[in-house]
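Novice: Sharing a structure with you now.
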Amino acid sequence: LSAINSMLYITSRMMLSLSRGGYAPKKFGELSKKGVPIYALGISCIGIFLAAVVSQIMPQDSHFVSLMGMSMFGPLFTWTTIMVNHLFFRKKWEAMGGRKLPVRVPFYPYTSWFGILLMLTVVIYSCVTVFKMTLFMGSCWFIFISVVYCVCNRKPRNTEGEHDNN
């Protein structure tokens, strides 16, 4: 119970901060008269409820693997994206004649390609081990948060042919 209470506090405050930073719906940034982020706390409770449902639906030995799958997918995706972006950034930066960068990755572009290859190796390894759930859970989570992001950040289309410079 203590751990759940801590997680509720942490997740509700994180949701509050994300909301106030513009990264989550504004409703989650509202406080009650007593200073409690009720909506953020509510969404956190829904998360705990869903975790309880999943723990009842899935076999006992797959809980840990499922959680590891979701938590491993994020860093794999993030680091692969960073390395791919580094390759494109450096190529474009040099083509544009940009100033000399103060910090340069040694052995560019080989280190970025090597890192991408390592991430790909982890993904392939995940496909043939108990951690194949990494790809499934991570992919489902990524699709879910992408859809939520797109829905929450949808901007009205400019139908009058004017260009929006924002």
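Novice: Any idea which of (1) touching a residue at least 24 places away in the same chain (Cβ under 8 Å); (2) aromatic (Phe, Trp, Tyr); (3) open to solvent by 100 Å² or more (accessible area, probe 1.4 Å) is the one Phe144 doesn't satisfy?
Specialist: Unmet condition: (1).
Novice: While we're on this one: Restricted to the range 105-131, and to residues that are of a type outside the set (A, V, I, L, M, F, W, C) and in a helix (DSSP H, G or I), which residue is nearest to Met72 (Cα to Cα)?
Specialist: Of the range 105-131, the ones of a type outside the set (A, V, I, L, M, F, W, C) are 106, 108-112, 115, 121, 125-126, 129.
Applying the additional criterion that residues be in a helix (DSSP H, G or I) yields 110-112, 115, 121, 125-126.
Details: Tyr110: 24, Thr111: 22, Ser112: 20, Gly115: 16, Thr121: 14, Tyr125: 13, Ser126: 10 Å.
Only one residue tops the list, namely Ser126.
Novice: Here's something else I'd like to know. Just a yes or no: is a residue in the range 57-64 at pLDDT 80 or above and open to solvent by 90 Å² or more (accessible area, probe 1.4 Å)?
Specialist: no
Novice: Suppose the filter is modelled with pLDDT of 80 or more, open to solvent by less than 50 Å² (accessible area, probe 1.4 Å), of a type in the set (D, E, K, R) and assigned to a helix (DSSP H, G or I); does Arg13 pass it?
Specialist: No, not satisfied.
Novice: Need the failing condition index for Pro102 against (1) at pLDDT 80 or above; (2) assigned to a helix (DSSP H, G or I), just the number.
Specialist: Single failed check for Pro102: (2).
Novice: State which residue is least open to solvent (accessible area, probe 1.4 Å) when the search covers only the range 77-113 and only residues that are of a type in the set (Gly, Ala, Ser) and farther than 25 Å from Ile124 by Cβ. Lay out the reasoning, then the answer.
Specialist: Within the range 77-113, the subset of a type in the set (Gly, Ala, Ser) is 95, 97-98, 112.
Still in the list and also farther than 25 Å from Ile124 by Cβ: 95, 97-98.
Details: Ala95: 90, Gly97: 61, Gly98: 34 Å².
It comes out as Gly98.
The values are calculated or read from the model by the stated rules, or taken from the named source; none is laboratory data. Remember, predicted model here, so these are calculated numbers, not experimental data. All Cβ positions, glycine included, derive from the backbone under ideal geometry; neighbour counts span all protein chains shown. Quick note on the areas: whole protein, heavy atoms, side chains included, nothing else; ligands and nucleic acids left out. Shrake-Rupley method; radii C 1.70, N 1.55, O 1.52, S 1.80 Å.
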